[in-house]
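Enquirer: Before we start, here is the structure in question, set down as structure tokens.
The values are calculated or read from the model by the stated rules, or taken from the named source; none is laboratory data. Just so you know, these numbers come straight off a predicted model, no measurement behind them. Note that we place each Cβ from the backbone using ideal geometry, even for glycine, and neighbour counts take in every protein chain shown. Accessible surface is based on the protein model in full, side chains and every heavy atom, while ligands, DNA and RNA are left aside. Shrake-Rupley method; radii C 1.70, N 1.55, O 1.52, S 1.80 Å.
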Amino acid sequence: MSRSYIVKSGDTLVKVSTKEYGTYKNWRKILAANPQLTGRKTSYDGVPLLYPGDVLVIPSDVEEPEKTVEKTPELISKSINPEDAAEDEFSIFIDGKLYGGFTGYTVKMSMDSLDAFSFSAPWEDDENLGKVLQPFTFKECAVYFKRKLLFLGRLLTSAPEVSPDSRTINIQGYPICGVLNDCCIPVSKYPPSYNGMTLKQIAEDICAPFGVKVLFSEDPGAALDKVEYSIGTKILEFLKKLAEQRNFVFTNDTNGNLVFWKVPEESTRVVFKEGESPFVSCKVSFKQQEMFSHLTGFTKTEKGQRALQFTYENKLLTSKGVFRPTSFVFEDVKGKTELEKAVKAKAGQMFVNCCSYELTVFGCEDKDGDLFSKGMSVSVYAPSAMIYRETKFQVQEIEIKRSDSEGVQTTFKLMLPDSINGTIPEKLPWEKD
């Protein structure tokens, strides 16, 4: 994780790089993480000058990120002993120390966004705890379930609430890479120039100043011909747009790394049936006005050039004689093959957004005692929710909650399997035979 360095007399960026990394070559990485140096007076070689007392952010060394998501080692702080964690529930370590006594929690895990957590507990006027939960310190933390690491992250919010009857505190946080959801590209990298770079190269360059590693589950694809970044755009918003064109989604792994992946379909782990435990409820949402019969994508061209185009036919509508076309321009796509992939990815997002299922069940584990996970497959039969046949779904997002009134419940956000790739099953859950 990133750390700080106080500049001493005689220090230069090259000297600081050598002290912190063992090589002079990483001075640009330090400069990128310290935009306050931009515009300063420079030495003869163009490197900004440093002054005693300057405080520099030193990003973690992410020069050599892992090449795949498979079997990523769990990088646990040496000060954490997993055996100290609760044997049968969620636990949180802050700065390496275990904190317990939580009366409620919410843990959210998503296959196409970042994980998050919220823990609540009685608030004691304790000086040491007050220092740990001090706002705006972004403390290191680790969330465990049954002594197994879920993810390494940072604390975001410590919100005490006091009334005549109670004193409580709520703490929230997200993975290490969650900072990318809040921040923009640092000004030290302006003007951003990513033309002719692959998605992997772009993501690594942007994430390096934050000490965030970037992982890909498979080849990131060809270089992007033209990439435009608008000032003020959040980093993950920018990367998501590029990832969708390569049919990737992003999430985090247990180490808090940023992971780009294409979610594999797996066999069904659990079957939930209406009227049978642990089934609680199922809510369905259809956004019919956002469903189209034909999606046509165009490449962006200069004046006098002819744009390439590709049309995706949505047979779910055309087979019923429904005509609802839409179109869009891809600014960062070059060539017919790339355009076809980008349009199909757009169709996949349409299916995911237009048809969503929210399933709530008791508990948070399968029959083998494993915690429910993002991307897993489940089968659901709920005629009252227009799921007229036992249907296989893929878990897009999980939210696990514990409260005194409801106990432990899990709410799944479900999507039809492979719909994110622009494919839909021949038989749909709302169709009767």
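Enquirer: Around VAL263, under 11 Å between beta carbons, what's the net of Lys plus Arg minus Asp minus Glu among the other residues?
Expert: -2
Enquirer: Same structure again: Loop only per DSSP, at most 15 neighbouring Cβ atoms within 10 Å: give me the trypsin sites (Lys or Arg not before Pro) in the stretch 336-372, ordered by residue number.
Expert: Passing both the DSSP loop test and the Cβ count: LYS367.
Enquirer: What length, rounded to one decimal in nm, is gained on full extension from ALA223 through to THR18, with 0.36 nm per residue of separation minus their alpha-carbon distance?
Expert: Separation in residues times 0.36 nm, less the Cα-Cα distance, equals 70.6 nm.
Enquirer: Shifting gears a bit: Go through (1) 4, 18, 25, 25, 18, 8, 2, 0; (2) 4, 15, 22, 22, 18, 11, 6, 2, 0, 0, 0; (3) 4, 22, 32, 26, 12, 3, 0 and flag the label whose value is the computed P(r) over Cα pairs in 10 Å bins from 0, in percent for this structure.
Expert: Calculated P(r) over Cα pairs in 10 Å bins from 0, in percent: the matching label is (1).
Enquirer: For labels at GLU302 and GLN288 in the simple 7 Å Cα→Cβ model, what's the distance in nm?
Expert: For GLU302 paired with GLN288, the spin-label model returns 4.7 nm.
Enquirer: Show the residues, 5+ positions off or on another chain, whose built amide H is closer than 5 Å to the amide H of GLY104.
Expert: The list, which skips near neighbours in sequence, is SER120.
Enquirer: Any of LYS234/LYS262; LYS146/LYS200; LYS189/LYS213; LYS273/LYS432; LYS273/LYS346 with alpha carbons more than 28 Å apart? Name them for me. List each step's numbers first, then the result.
Expert: Working: LYS234/LYS262 23 Å; LYS146/LYS200 34 Å; LYS189/LYS213 18 Å; LYS273/LYS432 17 Å; LYS273/LYS346 32 Å.
Long pairs (Cα-Cα over 28 Å): LYS146/LYS200; LYS273/LYS346.
Enquirer: Another one. Using r as the Cβ-Cβ distance of GLU276 and ASN353, and R0 as 22 Å, what FRET efficiency do you calculate, to the nearest 0.05?
Expert: In this case the efficiency is close to 0.15.
Enquirer: Below 12 angstrom from the Cβ of THR137, what's the summed charge of the other residues (Lys, Arg +1; Asp, Glu -1)?
Expert: With Lys, Arg at +1 and Asp, Glu at -1, the neighbours total +1.
Enquirer: Rounded to the nearest 500 deg cm²/dmol, what is the calculated helix-only ellipticity per residue at 222 nm for the chain, with -39500 (n - 2.57) per DSSP H run of length n ≥ 4?
Expert: Numbers: 8 runs with 68 residues, N = 433.
Calculated at 222 nm, the ellipticity per residue is -4500 deg cm²/dmol.
Enquirer: Next question. Quick query: amide H of ARG154 versus all other amide H atoms, modeled in the peptide plane; which residues come in under 5 Å with a sequence gap of 5 or more or a different chain?
Expert: CYS141, TYR174, ILE176
Enquirer: Can you give the FRET efficiency to the nearest 0.05 for SER4 and PHE323, using r as the Cβ-Cβ distance and R₀ = 51 Å? Before the final figure, lay out each step's value.
Expert: Numbers: r = 60 Å, r/R0 = 1.18.
So, using R0 = 51 Å, E works out to roughly 0.25.
Enquirer: In a GNM of the chain with a 10 Å cut-off on Cα contacts, which of ASN81, ASN257, ASN353 has the highest mean-square fluctuation?
Expert: Between ASN81, ASN257, ASN353, it is ASN81 that shows the largest mean-square fluctuation.
Enquirer: Quick one: Karplus J couplings for the stretch 184-192, per residue in order, coefficients 6.51, -1.76, 1.60, θ = phi - 60°, nearest Hz, x for Gly and Pro?
Expert: 9, 4, x, 4, 5, 9, 7, x, x
Enquirer: To the nearest 0.05, how large is the calculated FRET efficiency for GLU406 and THR268 if R₀ is 30 Å and r is the Cβ-Cβ distance? Please list the in-between numbers first.
Expert: Numbers: r = 26 Å, r/R0 = 0.87.
Taking R0 as 30 Å, the efficiency between GLU406 and THR268 is 0.70.
Enquirer: How large is ³J(HN,Hα) for each residue in the stretch 259-273, as worked out from phi by the Karplus curve 6.51 cos²θ - 1.76 cosθ + 1.60 (θ = phi - 60°), to whole Hz, x for Gly and Pro?
Expert: Using θ = phi - 60°, the values come out as 10, 9, 8, 10, 5, x, 8, 10, 5, 5, 8, 9, 10, 10, 10 Hz.
Enquirer: Another question, then. Considering all alpha-carbon pairs of the stretch 133-239, what whole percent are spaced by more than 24 angstrom?
Expert: Here the long-distance tail beyond 24 Å is 42 percent of all Cα pairs in the stretch 133-239.
Enquirer: Over the stretch 167-315, what is the relative contact order in percent, taking alpha-carbon pairs closer than 8 angstrom and at least six residues apart?
Expert: 20 percent
Enquirer: Name the most mobile residue of THR296, THR423, THR103, meaning the one with the largest mean-square fluctuation, in a Gaussian network model of the chain with Cα contacts below 10 Å.
Expert: THR103
Enquirer: Could you go through the stretch 164-170 in sequence order and give the Karplus-derived ³J(HN,Hα) for each residue, using 6.51 cos²θ - 1.76 cosθ + 1.60 with θ = phi - 60°, rounded to whole Hz, and x for Gly and Pro?
Expert: Once θ is set to phi - 60°, the couplings for the stretch 164-170 become x, 9, 7, 9, 10, 9, 10 Hz.
Enquirer: Would you work out the relative contact order for the chain, in percent, from Cα pairs under 8 angstrom that are 6 or more residues apart?
Expert: 14 percent
Enquirer: Run the numbers on the stretch 138-206 and let me know its relative contact order in percent, using alpha-carbon pairs under 8 Å that are six or more apart.
Expert: So the answer I get is 20 percent.
Enquirer: For the stretch 250-276 and the stretch 180-231, what is the separation of their Cα centres, given in Å?
Expert: Taking the Cα centre of the stretch 180-231 as reference, the centre of the stretch 250-276 is 25 Å away.
Enquirer: Pull up all non-local amide H partners of VAL270: gap of 5 or more, or a different chain, and H-to-H distance under 5 Å with H placed in the peptide plane.
Expert: Amide H neighbours of VAL270, under 5 Å, 5+ apart: SER379.
Enquirer: What whole-number distance in Å separates the alpha-carbon centres of the stretch 355-395 and the stretch 137-164?
Expert: Distance between centres, Cα-based: 28 Å.
Enquirer: Find out how many positive minus negative residues lie around LEU37, taking Lys and Arg as positive, Asp and Glu as negative, among other residues whose Cβ is under 12 Å from that of LEU37.
Expert: +2
Enquirer: Treating only the Cβ of Lys, Arg, Asp and Glu as charged (+1, +1, -1, -1), what charge dipole size does the chain show about its Cα centre? Round to the nearest 20 debye.
Expert: Result for the chain is approximately 1660 debye, rounded to the nearest 20.
Enquirer: Carbon and sulfur atoms: what percent of the 1.4 Å accessible area of the stretch 149-195 do they account for?
Expert: 49 percent
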